[in-house]
Amino acid sequence: MSAVSDQLVTFAILVYLIAMISHAVEYALGNVRAVSARVAPARELVGAGVGGAGVDKVDGPVADAPAGTPPSTRPSRSAGRARLAGRIAAGLTVLAAALHLGALVTRGIAADRMPWGNMYEFVLTVTWIGTAAWLVVLWKRPALRRLGLFLTLVMVLLLAFAELKLYVPVVPLMPALQSYWFIIHVSTIVFSSGIFLLGVVPAVSFLLRNGYEQGRRSFPYTLARRLPGAADLERLTFALHAFAFPIFTFAVIAGAIWAEAAWGRAWGWDPKETWAFISWVVYAGYLHARATPSVKRNVATWIAVLGFLTVLMNLFGVNFFFTGLHSYAGVE
């Protein structure tokens with residue numbers, strides 16, 4: 001089962017990559033449609049009513065349109081291809097999520113436990129939660145589909161890093177983790193972290209799109225040209241963080257209760273505990289700033305991005321650079 005899990009992870013990465021390429025095709029064809037629409041002839045009758053003959057006024061040539069092709073044909077054809085590429089990308093993301101889930105299930109069967117015993121398994125689970133949450137968002141809000149380009153990019157990078165740098169063979173759960181609190185604490189921290197992972201995608205997208213809507217045309221703001229409106233992205237960012245924060249809060253409290261039972265103290269400023277507290281403070285700051293009318297939305301969103309950076313620090317930085325009671329990553 002362990003070998004099957006490893007193969008399924010590899011296939012999942014490949015399908016996520018193809019889905020990302022399909023999203024990129026949708027994005028590119030959307031840009032072609034926008035350019036064609038802008039430069040298509042805008043015909044108006046000049047001189048009518050003043051005794052002159054009607055003359056067609058043309059704003060510009062149709063870019064790359066074949067000779068004799070009606071001006072509306074190229075944009076319409078590009079739009080159809082863009083929609084097809086987007087639907088293929090969404091379908092591939094569903095397939096990748098199924099393979100991803102299969103990898104987690106077979107890993108758990110091979111280990112005879114929940115697949116959360118080390119850093120490799122944790123990253124696999126967090127990324128799957130992020131993908132599953134994205135598919136729910138996509139089902140309810142199809143207009144946000146173009147965010148899939150950035151979501152699949154994040155999945156490819158994180159899963160590839162997990163495979164190349166974090167992989168460890170299946171081993172039994174460490175004695176210190178053999179407790180019912182393992183299920184309670186880790187399941188909630190994994191779930192909230194997965195939602196935070198998804199939440200940072202519309203957060204960064206909002207910052208880019210908001211800048212683009214304010215007239216910035218330099219890189220990287222031009223990447224947001226075909227993204228949904230800034231207001232929609234900001235609302236999605238808030239909804240995801242408002243949903244994940246109470247779960248994350250419970251996870252931190254559950255961890256303290258488990259620490260009291262396992263180590264005789266609820267809090268000892270272990271590196272993991274410290275950075276979990278930092279993440280909690282930053283995300284609480286984001287929600288407070290978001291609820292404060294005098295704080296601009298882009299300022300509040302930057303706080304949300306900072307919060308995810310603290311989550312990454314807790315996940316990767318603490319495991320690689322610090323030693324503490326939570327040193328269960330399984331990597332050197």
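The values are calculated or read from the model by the stated rules, or taken from the named source; none is laboratory data. Because the structure is predicted, anything quoted here is derived from the model rather than measured. Neighbour counts run over all protein chains shown; Cβ positions are idealised from the backbone, glycine included. All accessible areas refer to the heavy atoms of the entire protein, side chains included, with ligands and DNA or RNA removed. Shrake-Rupley method; radii C 1.70, N 1.55, O 1.52, S 1.80 Å.
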Somewhere in region 317-324, is a residue hydrophobic (A, V, I, L, M, F, W, C), at pLDDT 90 or above and more than 18 Å from HIS185 (Cβ to Cβ)?
no
Find the residue count for region 162-174, including only residues that are surrounded by fewer than 19 Cβ atoms within 10 Å (Cβ to Cβ) and in contact (Cβ under 8 Å) with a residue 24 or more places away in the chain.
9
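This table checks each residue for (1) part of a helix (DSSP H, G or I); (2) at pLDDT 95 or above; (3) within 18 Å of VAL170 (Cβ to Cβ); (4) in contact with a Ser or Thr (Cβ under 6 Å, 6 or more places away or on another chain).
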position	(1), (2), (3), (4)
ALA67	no, no, no, no
ALA79	yes, no, no, no
ALA82	yes, no, no, no
THR93	yes, yes, no, no
ALA97	yes, yes, no, yes
LEU101	yes, yes, yes, no
ARG107	yes, no, yes, yes
TYR120	yes, no, yes, no
ILE129	yes, yes, no, no
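Residue under question is ARG38, and the condition is that it be open to solvent by 70 Å² or more (accessible area, probe 1.4 Å) and either over 21 Å from the mean Cα position of the chain (by Cα) or modelled with pLDDT of 60 or more (or both); does it hold?
yes
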When you scan region 252-267, do you find a residue that is basic (Lys, Arg) and under 16 Å from the mean Cα position of the chain (by Cα), even just one?
no
Top-ranked residue of region 209-228 - restricted to ones that are of a type in the set (A, V, I, L, M, F, W, C) and either crowded, with 19+ Cβ neighbours inside 10 Å or in contact with a Pro (Cβ under 9 Å, 6 or more places away or on another chain) (or both), ranked as farthest from VAL137 (Cα to Cα):
ALA224
Inside region 295-313, can you point out the residues that are farther than 13 Å from PRO202 by Cα and either of a type in the set (Val, Ile, Thr) or without any contact (Cβ under 8 Å) to a residue 12 or more places away in the chain (or both)?
VAL295, LYS296, VAL299, ILE303, LEU309, THR310, VAL311, LEU312
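If a residue must be assigned to a loop (DSSP other than H, G, I, E, B) and β-branched (Val, Ile, Thr), how many such residues does region 258-282 contain?
0
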Give me a count of the residues in region 229-240 that are open to solvent by less than 20 Å² (accessible area, probe 1.4 Å), in contact with a Lys or Arg (Cβ under 8 Å, 6 or more places away or on another chain) and not aliphatic (A, V, I, L, M).
1
Being in a helix (DSSP H, G or I), surrounded by fewer than 19 Cβ atoms within 10 Å (Cβ to Cβ) and at pLDDT 85 or above narrows GLY285, GLY255, GLY307 down to just GLY285
State yes or no: is ARG297 modelled with pLDDT under 90 and of a type in the set (D, E, K, R)?
no
Examine region 274-292 for a residue that is β-branched (Val, Ile, Thr) and under 30 Å from LEU29 (Cα atoms), and state whether such a residue exists.
no
Being part of a loop (DSSP other than H, G, I, E, B) and either of a type in the set (Asp, Glu) or open to solvent by 70 Å² or more (accessible area, probe 1.4 Å) (or both) is the filter here, so list the residues in region 175-193 that pass it.
GLN178
Looking only at region 102-126, which residues are open to solvent by 20 Å² or more (accessible area, probe 1.4 Å) and closer than 24 Å to ASN314 by Cα?
ARG113, MET114, TRP116, PHE122
